[in-house]
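Structure provided below as structure tokens; questions to follow.
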Amino acid sequence: MRAGRFWLILVFAIVISFGFAFLIFKTSMVADTYSFDMYLEVGNTTSINVDTDSIYFAGVRPGNSATKMIRIANDGIRRKVALEAEGEFTDWLSYEKTEVMEANQEKEVAITVNVPDDAEYGNYKGKLEVCFYRWQR
């Protein structure tokens with residue numbers, strides 16, 4: 001009975017140790033993260049927005065799409081860059097999710113929203129995160 005309990009505790013400790021090691025390794029890989037608010041207005045309006053801190057899709061009618069370009073600039077070393085969206089309209093978004101960027105490279109990435117035909121008029125919110133990871137060979 002004691003031997004079985006010992007092995008159970010040992011296996012549990014090993015699993016927990018691997019979990020913590022993975023978590024520490026994963027979080028140590030992130031070099032920088034930038035978060036941008038995203039807004040979508042589904043409707044018949046036309047608007048102009050010059051805000052550079054957020055991504056706005058305004059006046060997109062159901063069944064139509066709109067595209068915004070964002071510029072990503074890498075610093076002096078090679079990095080993996082990943083984009084991740086969350087929020088109320090992320091299922092309607094398309095964009096390049098992951099890429100390796102060389103040192104000092106700049107790239108424009110298209111973020112496209114495809115509003116479904118049955119979408120209700122209104123305002124939707126989301127976030128786009130751009131994560132720069134330390135490059136591992």
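Bear in mind that the values in this text are calculations on the coordinates, not laboratory data. Treat the numbers as computed from the prediction; the structure is a model and nothing was measured. Cβ placement follows ideal geometry from the backbone for every residue including glycine, while neighbour counts extend to all protein chains displayed.
From the phi angles alone, apply the Karplus equation (6.51, -1.76, 1.60; θ = phi - 60°) to segment 96-101 and give each ³J(HN,Hα) in whole Hz, x where the residue is Gly or Pro.
With the stated coefficients, segment 96-101 comes to 6, 7, 9, 7, 9, 10 Hz.
For segment 30-134, how many pairs of lysine residues have a Cα-Cα distance under 16 Å, where the two are 8 or more positions apart or belong to different chains?
Numbers: 68/97; 68/107; 68/125; 68/127; 80/97; 80/107; 97/107; 97/127.
For segment 30-134, qualifying lysine pairs total 8.
Taking Cα atoms, how many degrees apart are the long axis of helix 2-29 and the longest axis of the chain, rounded to 10 and kept between 0 and 90?
That helix lies at roughly 40 degrees to the long axis.
Let me ask something else. Of 93, 10, 40, how do they rank once you tally other Cβ atoms within 10 Å and put the fewest first?
Least to most surrounded, the residues fall as 10, 93, 40.
Listing 60, 115 from the residue with the fewest other Cβ atoms within 10 Å to the one with the most, what is the order?
Details: 60 22, 115 19.
Placing the least packed residue first, the sequence is 115, 60.
Here is a further query. Just rank 29, 101, 38, fewest to most, by other beta-carbon atoms within 10 angstrom. The partial results should precede the final answer.
Details: 29 14, 101 19, 38 23.
Exposure proxy ranking, most exposed first: 29, 101, 38.
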